[in-house]
Amino acid sequence: MNHYKNNLLEELHRLTEAVQASHADIAPTYLEYTQLAFAIATDCGEAGRADFMSLCSLSPKHDSAAAEKLFSNALHTCKGDIHLGSVFHLAEMCGVRVAPSHKNADADAADAGPFFSHTCARYNKVENEEKETGKKKHEEEEKEMKGTEPLSPLPYFPQDHDWPEPLKSILSFAKTPAQHDVLLLGAMTVLGASLSHIVRCKYGDKWQYPCLQTFITGHAAAGKSVLVWVRKLIEPIHEEIRRQVAESMKAYRKELRAYEALGKARKDKEPPVAPPNRMFIIPGNNTGTGLLQNLIDSDGTGIICESEADTVSTAIGTEFGNWSDTLRKAFDHDRLSYNRRTDREYKETTACYLSVLLSGTPAQIKPLISSPENGQFSRNIFYYMPRVGEWKDQFGEDELDVEAEFIRMGHEWKASRDELKKKGLFTLKFTQQQKDEFNGHFSALFYRSSLVTGEEMSASVMRMGTILCRMMCITALLRSLEIPSLAVPDPTINPENLKDGIITRHNLSITDEDFRAVLALCEPLYLHATHILSFLDKSTELNSRGIADREMLYAALPQEFTKQMVMEQAEKLNIPVNTARSWIQRLREKGALDMVMVKGKGVYSKKQR
């Protein structure tokens, strides 16, 4: 037994030397501190005191007298249930690991019940648990990933429209159609967030402001990282607000010091009030109350911009993080409020203008939006980026610093936005022809959706109308910077104010070309959303793989078609023939298709509203 104890002391000496060499504080809290004392006292007794004191001395909170007293207490009261393996574990947690160096390892292992069983078993158990947890997580992610690929490629946006600046410059950095689409959606989201009090339109008997909630999804290395550039467009706005907050806090602290120096005279004066902690880019790693406080301090305005969606889903999933209802209210510009019982504090904002821009893998969608029935699904813009099919040269000959260009565009956008802000409020007005075209387009889509997907996508189609109107607000306002005649003074403004150049309200028009360019985003966005729906919820028979593929096949077929045309179109879309045939049969059973015999051949006809 003495041989065993000597070996333990030798191992402890070696560990102590390694810990001192790395200057590691292996017992930063009282819990680890007491574990350290009891573990050394149990297996090494009084002989381990010097090593215990050496290990404790590395802590910035070290008190030698308290450490001596704790170790003496451990010698007298230890129950033998904590052993030296705990010390090695604490060291390893700080990156210090010392392999055993017994000269007779087999003999020592036979003798060393407490130490080796605790140390090796604990190491093995921890490592096995970590491996098992990692394996399960990997299997779950793989399971989520399976079936997320569409049978046929999802459509891109039309690539040929001449968008207004700065959208045009932003899109010039796209190297693929998917990057073009993601940059467009990302730019619309961040620019719209900065215009929330500047432009609006009347839709659905409510004022709609350009606040969007966008989720870009795709597998690893699909190209979602271009959104990092987009964030640069609004950082100057956020930085200016934070500078203002810092100056206000500096003044507040000065006032507070002066107030506290008054002594008894303070009773006759009101204490200074801390300024609101305003910001524009709100962190996604937030509690429910924290998010509400950030928004209310910022007059209900801001944007959550995270490159990893699980930052938000993890925060929402915590005990104090349930704020998915805040996201739903924010989309509708609802009132937000909170009440703290501790200090009886009540705060509110009459309207909310929160935007959201997230990216992540398909497996990260479900933790954030577990079911399309909770309303968050239909409020989101979804875009599914295709897998990268081949290696691409990442060096190239162009030495342009893209990040620097986006930083430059961000400062230019802030200057333009500040000028727009001075002009007051812009209200987008549609022509009757544009309203008719809009209603005709969505009426047909809503009817088609109800036939092909049932009620699952109805709410998404309804809210997509709202989303596109908000995008039209952004596009029209940007175009007015190039064509000033698109914005005219509101006719209700007092003529005297017009003479004096005091114009705080403008009526805004959108060109037919821009109107149709935004409207053309509807079909691709609808199909991307139906594809996300196909793997988001497995609770019904409808929500199975292929909703978007079925929609694309249906949309690609003419008003009247034959079975042969179905097979040819399915082949173009990479849809298995049997799958296409069963879909057509199902659509017939649902009443979406009629069939008549023409010259001995069956001809299908899409039902019209």
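Read-outs throughout are calculated quantities, based only on the coordinates presented, and are distinct from any laboratory measurement. Computed from a predicted structure; not experimentally measured. We place every Cβ from the backbone using ideal geometry, glycine too, and count neighbours over all the protein chains shown.
Observations on the structure shown:
- 3J(HN,Hα) along segment 44-59: 10, x, 4, 5, x, 4, 4, 5, 4, 5, 5, 5, 5, 5, 7, 7 Hz, from the Karplus curve 6.51 cos²θ - 1.76 cosθ + 1.60 with θ = phi - 60°, whole Hz, x for Gly and Pro.
- Length gained when the stretch Thr504-Lys175 is fully extended (0.36 nm per residue, less Cα-Cα span): 114.3 nm
- What the phi angles of segment 228-244 give under the Karplus curve with 6.51, -1.76 and 1.60, with θ = phi - 60°, is a coupling list of 4, 5, 4, 4, 4, 5, 10, 4, x, 5, 4, 5, 5, 4, 5, 5, 5 Hz, glycine and proline written as x.
- Length gained when the stretch Ile493-His13 is fully extended (0.36 nm per residue, less Cα-Cα span): 164.2 nm
- Ordering of 570-579, 250-259 by packing [mean C-beta count within 10 Å, highest first]: 570-579, 250-259
- Taking Lys and Arg as +1 and Asp and Glu as -1, the other residues whose beta-carbon sits under 12 Å from that of Lys254 total 0.
- With a simple spin-label model that places each label point 7 Å from the Cα along the Cα-to-Cβ direction, the separation between Ala459 and Met567 comes to 4.2 nm.
- Pairs from the list Lys206/Lys329; Lys572/Lys601; Lys224/Lys414; Lys206/Lys435; Lys202/Lys435 with a Cα-Cα gap above 18 Å: Lys572/Lys601; Lys224/Lys414.
- Principal axis dimensions, segment 250-409 - Cα atoms, whole angstrom, descending: 76, 46, 25
- Our note on the geometry: Cα centres of segment 369-390 and segment 429-444, 26 Å apart.
- Distances between placed amide hydrogens fall under 5 Å for His506 paired with Leu425, Phe426, Thr427, Asp490, all partners being 5 or more residues away or on another chain.
- At R0 = 41 Å, FRET efficiency that the Cβ-Cβ distance of Lys254 and Ser371 yields, to 0.05: 0.20
- Highest mean first, the peptides 157-168, 379-390, 191-202 sorted by other C-beta atoms within 10 Å per residue fall in the order 191-202, 379-390, 157-168.
- For Val273, Val98, the sequence from fewest to most other C-beta atoms within 10 Å is Val273, Val98.
- Inter-label distance, nm, simple model (7 Å from Cα along the C-beta direction), Lys267/Ala50: 6.5 nm
- If you plug the beta carbon distance of Asn277 and Thr77 into 1/(1 + (r/R0)^6) with R0 = 60 Å, you get a FRET efficiency near 0.80.
- Gyration tensor (alpha-carbon) shape descriptor, segment 231-334, a/c threshold 1.5: prolate
- Going by neighbour counts of Cβ atoms within 10 Å, the residues Lys606, Lys267 line up, fewest first, as Lys267, Lys606.
- Between Ser225 and Asp325, the FRET efficiency estimated from the beta carbon spacing at R0 = 25 angstrom works out to 0.25.
- Built amide H within the under 5 Å cut-off of Ser355, gap 5+: Gly302, Ile303, Ile304
- Our coupling estimate for segment 574-588, obtained by passing each phi through the Karplus curve with A = 6.51, B = -1.76, C = 1.60 and θ = phi - 60°, is 6, 9, x, 4, 5, 5, 4, 5, 5, 5, 4, 5, 5, 5, 5 Hz, Gly and Pro reported as x.
- Label-to-label distance, Asn574 versus Gln559, with points set 7 angstrom from Cα along the beta-carbon direction: 3.3 nm.
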